[in-house]
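Trainee: Quick one: this structure, given as structure tokens, is what I'll be asking you about.
The values are calculated or read from the model by the stated rules, or taken from the named source; none is laboratory data. Model, not experiment: these values are computed from the prediction. Please note: Cβ atoms are built from the backbone with ideal geometry, for glycine as well, and neighbour counts cover all protein chains shown. Side chains included, ligands, DNA and RNA excluded: accessible areas come from the protein's heavy atoms. Shrake-Rupley method; radii C 1.70, N 1.55, O 1.52, S 1.80 Å.
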Amino acid sequence: MSADARRAIVRVAHSIHCRGLTHGRTGNLAVRDGERVLVTPTGVSLADVDADQLSVVALDGAHLEGPPPTKEAFLHVAMLRVRPDANAVVHTHSVHAAAVSCLSDIDADNPIPPLTAYYGMRVGTLRMLPYYAPGDPAATGAVEDAARVTHALLLRNHGPVVAGVDLDTAVDALEELEHTAQLFFLTRGLATSPLTSAQLHAFATPSGRNPS
Ligand SMILES: [Zn+2]
């Protein structure tokens, strides 16, 4: 497994933890390496992730090497299986996106309005999945179906899962999602002017974004 991928996971894990996108031992990251996937281990804070203590799993989720993987590794491999354009996945319980996932009155096909251009560019389409207990592999089919439509998912009562061409791209999109979720709450109940479909479609489709 590439030493560069290991270093990238450690760098990004520490960065997103330091910036408050994860808390406690929540959050996990994965990077594709051919038919194998490097993923953060179970029971370890992203603040403490070590390059020599990462897990290696197969695309079917089987544990191949290293410590036991996060119990949410199946989310990562499900996205990587159906999105050949994606090479990395990041999942957090970041607070504003998680808060959106707890609302009862939102559209699962459009949980957060496209309030800014950067949301349109980096997230584009967001799909919210039904509730599954954390680590429940029964979510696999729903994750695969939604990931065929978009690289940005929101697990109900849980948090976002975002794929990208590389780890930095995935984290950029997740951070934009979190920021826009915060804007959504700041403007909730106020008259807003989200981007129109024409404005959204004006963006070039970068790799790792939606196939449509
Ligand atoms: Zn989680």
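Trainee: Val149 - would you say it is under 20 Å from Arg81 (Cβ atoms), open to solvent by 40 Å² or more (accessible area, probe 1.4 Å), touching a residue at least 60 places away in the same chain (Cβ under 8 Å) and not basic (Lys, Arg)?
Mentor: Details: under 20 Å from Arg81 (Cβ atoms): yes; open to solvent by 40 Å² or more (accessible area, probe 1.4 Å): yes; touching a residue at least 60 places away in the same chain (Cβ under 8 Å): yes; not basic (Lys, Arg): yes.
Yes: the conditions hold for Val149.
Trainee: Select from region 34-46 the residues that are more than 16 Å from the ligand (Cβ to nearest atom), open to solvent by 10 Å² or more (accessible area, probe 1.4 Å) and either in contact with a helix residue (DSSP H, G or I) (Cβ under 6 Å, 6 or more places away or on another chain) or on the phi > 0 side of the Ramachandran plot (or both) and list them in ascending order. First the steps, then the outcome.
Mentor: Kept after step one, since they are more than 16 Å from the ligand (Cβ to nearest atom), are these residues of region 34-46: 34-38.
After this cut, where a residue has to be open to solvent by 10 Å² or more (accessible area, probe 1.4 Å) as well, the list is 34-36.
Passing the criteria: only Gly34.
Trainee: Out of the residues in region 54-96 that are surrounded by fewer than 20 Cβ atoms within 10 Å (Cβ to Cβ) and among the basic types (Lys, Arg), which is farthest from His151 (Cα to Cα)?
Mentor: Lys71
Trainee: Only one of these is surrounded by fewer than 19 Cβ atoms within 10 Å (Cβ to Cβ), within 16 Å of the ligand (Cβ to nearest atom), outside any helix (DSSP H, G or I) and free of Cβ contacts under 8 Å to residues at least 12 places away in the same chain: Ala138, Ala133. Name it.
Mentor: Details: Ala138 fails: outside any helix (DSSP H, G or I).
Among Ala138, Ala133, only Ala133 is surrounded by fewer than 19 Cβ atoms within 10 Å (Cβ to Cβ), within 16 Å of the ligand (Cβ to nearest atom), outside any helix (DSSP H, G or I) and free of Cβ contacts under 8 Å to residues at least 12 places away in the same chain.
Trainee: Next question. Is there a residue in region 130-137 that is more than 14 Å from the chain's Cα centre (by Cα), at pLDDT 95 or above and more than 19 Å from Thr26 (Cα to Cα)?
Mentor: Among the residues of region 130-137, at least one is more than 14 Å from the chain's Cα centre (by Cα), at pLDDT 95 or above and more than 19 Å from Thr26 (Cα to Cα), which makes the answer yes.
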